[in-house]
Structures are given as structure tokens and as C-alpha cells.
Amino acid sequence: MSLPPLVEPAPELSVDEVRRYSRHLIIPDVGMAGQKRLKNAKVLCVGAGGLGSPALMYLAAAGVGTLGIVEFDEVDESNLQRQIIHSQADIGRSKAESARDTVLGINPYVTVRLHQERLDSSNVMEMFAEYDLIVDGTDNFATRYLVNDACVLLGKPYVWGSIYRFDGQASVFWAEHGPCYRCLYPEPPPPGMVPSCAEGGVLGVLCASIGSIQVNEAIKLLAGIGDPLVGRLMIYDALEMQYRQVKVRKDPDCAVCGENPTVTELIDYEAFCGVVSDEAQEAAAGSTITPKQLKEWIDEGENIDIIDVREPNEYEIVAIPGARLVPKDEFLMGNALEGLPQDKKIVLHCKTGVRSAEVLAVLKSAGFADAVHVGGGVVGWVNQIEPEKPIY
């Protein structure tokens, strides 16, 4: 589907800019007009992490005139395996400021705007209104639905990407010309069903593969060239080195862009996506202990069975002493229940407490009324009890 250019051309390019972008200018489909459109464009990148890193760097190199960065987090050592916009020297710094410095180091002709705040329903509309195009580099469902709904309500296109382990996806959502994200995924998955990259991992270089596709689509939209991924989902399997496409059609019953939308204003997206299910919250109420409580029980020789519900590779990195590994899926499928002791108090934990709360709900419903879980999980244990151990 050929679409008109998203922005008008800037009045001119300087002599230095002509030299800088010469390899673009000699491409007939881009040329002087296309490069001027890039210069005149305002693009907002949501996130300066795995996808945001290559996206921001290549958008800057391509000559996009104004780049906005939405990011409130700080650089952590675990980020550096994939978030190439940051360096060792940036650990502990604001990601937004670190990303800005790298962008300006790549291209001093770019104007960078920082939005160092958490994106939510109170600020998204005003923020997005300042830009021509949104690039979504988020890693959680609540923000993805927020970005989608705001773009639909504002009539703006956005380029979406997603990564997990060796798999990536990318598409362009623009309700005016095709489907939106809700047409593809009307409802978020149940809480805890889809692990995050922090829980399941991601191949670092996969971020570059999907992030570069996002920038490619952004350039096509801004300059009005080629056939954007509107109505198509690109799926990439890095292990098999395969790309495939799936057609995505506009859903006439879509809650936000359909013929009779039920979502006409922004909602509570944390509640909509259920960061922790109601069942898990109910199970955890009154059955959550701290890492210090667990340490006291261990030291006092309490009759407990400490169960780690993470994945084997996580267990190999760091583990609470005395814990045995039984991955969450074993409980969800029911396989692990018969192996639980009846004469010991069961103490569950995961990385931060989300997965263990979900498993706790399963145990409570199976009759293990005195089971508990560790709030804060392994991360809390390391921070409070064994700070010399690594946190992944």
C-alpha cells in the first residue's frame, strides 16, 4: 500500500548536510525531497532500551530533524548486552540523557527533546501531539495498549516492534489506513502467561534486527516511499534465519478503531492488562513474607520447603540457599502438585514476586492453605541478604 508522505519538506539542506546525507540523496526514491522531509520530521521514540537504542541511532544517522525520547529509567549493567546506545561509563545515569548524548555524537544537526517521565494516560496525548510519528520500543503490554489507543485517538501512525529470546515482530499501525494493535491483539494475555525479556531473556543482536526494521518503516512513512508494513505483521526467527509475513485486517468490531468503538478515551491500562491477576493478589494477601523473614526461618531450622519457580537458566545465575527448582509451568499444568510435601510449609519465590504469586494462587486452590511466597523474590534476597551475589 503506497501512502502519501507524512511530512512536508524542509526549506533547504545546508552544504554540510548535503555532504553528510549524500548516499541518501543519490537514491532516486529518496533524493533531495525525501531528505528534506526527514529533516522536517518530528519522531518520538518510546523507550531508550533494546529497541529504542538502534532505532534512535539510525533515525539520527538518517537525518530526522527532531527526535523525542520518552524514558525515565537509569542505565543498568544488564542493559549493556543489547542497549547499544549506552556504554559502561553510563551505568547509573539517566537513560534519556545517555541516549541524547549518543544521538548528538552521531549527528549534531538533530534536535533532541527529552521526556524523562513515565508515559501514562495523564501525559501521553499532549506528548504525542507534538510529533509526526511514534516509534514504540516498549516492553510491556500496558504501555503498548496505551501507545496504540493514544495514536488512534490522535490519528497518528506508529511503528511497533517486539522481541523475545530469538523471535521478533514488527508492523505499522495506522487506523486511518489499516488496522491498529488491538485489531491484532484485542486482549492482553493473562498475567504471568507471557514472560518479559527480564524473565525469559533476549538475544542482544535481535534488538538491532527489529529496531532497524522499525527505522526502515519510519523512513518510508516520513518520505512517502515504498510499501509500509500497514496491514502486515513481519515475523523474524533468528535461530532459523527466517522472515515471514502475516496479513492483518482491520477489525470492524475493534474496541478503539472499529465501526462502533467502545474505547473513546484513555483507560487504566495497568488494570486492563492486570500486571498481577486478581487471583494472585488475593492469594498473596496475608501470605507474603520478606526475604529477611525467610532468612530467619532458615537460620532457625523451620520445617519449610523453599521452591524456586523460575526457569533453569535463571536458577544457574543466582539462587537462594536451600531452594529447589520447580518451574512455574509445572504448577500451571498440575504436574508439580503431587510432588509437594504435606508436612512442610511451602515457600515460593521467583525473580521479583510476580510468578510466585501466580503459583501461590494455584497452590491455595489446591488446598495448600499455609503456603507463602517471598515478596521481592531473588532480587529482594540479594539486595537484603547476599549483596555480593549477582542480580540479572
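The values are calculated or read from the model by the stated rules, or taken from the named source; none is laboratory data. Quantities reported herein were computed from a predicted structural model and do not represent experimental measurements. FYI the Cβ positions are ideal-geometry reconstructions off the backbone, even for glycines, and counts take in every protein chain you see. Heads up: the accessible areas ignore ligands, DNA and RNA and are worked out on the full protein's heavy atoms, side chains in. Shrake-Rupley method; radii C 1.70, N 1.55, O 1.52, S 1.80 Å.
Couple of notes before you dig in:
- Sequence-ordered 3J(HN,Hα) estimates for the stretch 82-88 from the Karplus curve with 6.51, -1.76 and 1.60 and θ = phi - 60° stand at 9, 8, 6, 6, 10, 10, 4 Hz, glycine and proline given as x.
- Burial order of peptide ranges 34-40, 241-247 (average beta-carbon count within 10 Å, highest first): 34-40, 241-247
- Rg over Rh for the chain works out to 1.03, both radii taken from alpha-carbon positions and Rh defined as the Kirkwood radius.
- Rounded to whole numbers, the Karplus 3J(HN,Hα) couplings from phi for the stretch 320-326 are 6, x, x, 7, 10, 8, 9 Hz, using 6.51 cos²θ - 1.76 cosθ + 1.60 with θ = phi - 60°, and x at Gly and Pro.
- FRET efficiency, 1/(1 + (r/R0)^6) with R0 45 Å, evaluated for residue 253 and residue 295 via beta carbons: 0.30
- Cross-link pairs 292/328; 95/364; 220/351 - those with Cα-Cα distance over 29 Å: 95/364; 220/351
- Full-extension gain in nm, residue 239 to residue 313, via 0.36 nm per residue minus C-alpha separation: 24.8 nm
- Straight-distance candidates among the aspartates and glutamates for linking to residue 344, with alpha-carbon spacing under 15 Å and chain neighbours fewer than 8 residues away dropped: 300, 302, 305, 370.
- Dipole-positive endmost among 137, 209, 112 within the stretch 101-220 (Cβ charges, Cα centre): 209
- Within-15-Å neighbourhood charge of residue 389 [Cβ basis; K, R +1; D, E -1]: -3
- The residues packed around residue 102, meaning those with a beta-carbon under 12 Å from its beta-carbon, carry a net charge of 0 if Lys and Arg are +1 and Asp and Glu are -1.
- In the chain, the portion of solvent-accessible area held by carbon and sulfur atoms comes to 50 percent [1.4 Å probe, whole percent, DNA, RNA and ligands not counted].
- Remark: the stretch 270-392 carries a charge dipole of roughly 120 debye about the Cα centre, counting +1 on each Lys and Arg Cβ and -1 on each Asp and Glu Cβ.
- For the pair the stretch 300-362 / the stretch 5-52, the C-alpha centres are spaced 52 Å from each other.
- Around the amide H of residue 74, modelled in the peptide plane, lie the amide H atoms of 95, all under 5 Å away and 5 or more residues distant in sequence or on another chain.
- Ordering 87-94, 375-382, 327-334 by mean Cβ neighbour count within 10 Å, with the highest value first, yields 375-382, 327-334, 87-94.
- Rolling a 1.4 angstrom probe over the protein heavy atoms with all chains in place gives the stretch 153-284 an accessible area of 47 Å² per residue.
- Share, in percent, of DSSP beta bridges within the chain that are antiparallel, nearest 5: 40
- Residues in the stretch 315-392 average 45 Å² of solvent-accessible surface per residue, probe 1.4 Å, ligands and nucleic acids excluded.
- Here each label is just a point 7 Å from Cα along the line to Cβ, and for residue 80 and residue 10 those points are 3.4 nm apart.
- Cβ charges +1 (Lys, Arg) and -1 (Asp, Glu), total dipole of the chain, debye: 1440
- Of 361, 379, 334, farthest towards positive along the dipole that unit charges on Lys, Arg, Asp, Glu beta carbons give the stretch 329-392: 379
- Phi to ³J(HN,Hα) by Karplus 6.51 cos²θ - 1.76 cosθ + 1.60 over the stretch 97-109, Hz, x for Gly, Pro: 5, 4, 5, 4, 5, 5, 4, 5, x, 6, 8, x, 8
- Per residue, the accessible area of the stretch 65-150 comes to 42 Å² when a 1.4 Å probe rolls over the protein heavy atoms.
- Cut-off under 5 Å, modelled amide H: who pairs with residue 45 long-range: 68, 69, 70, 135
- The calculated Kirkwood hydrodynamic radius for the stretch 13-134 is 15.0 Å, given to one decimal from all distinct C-alpha pairs.
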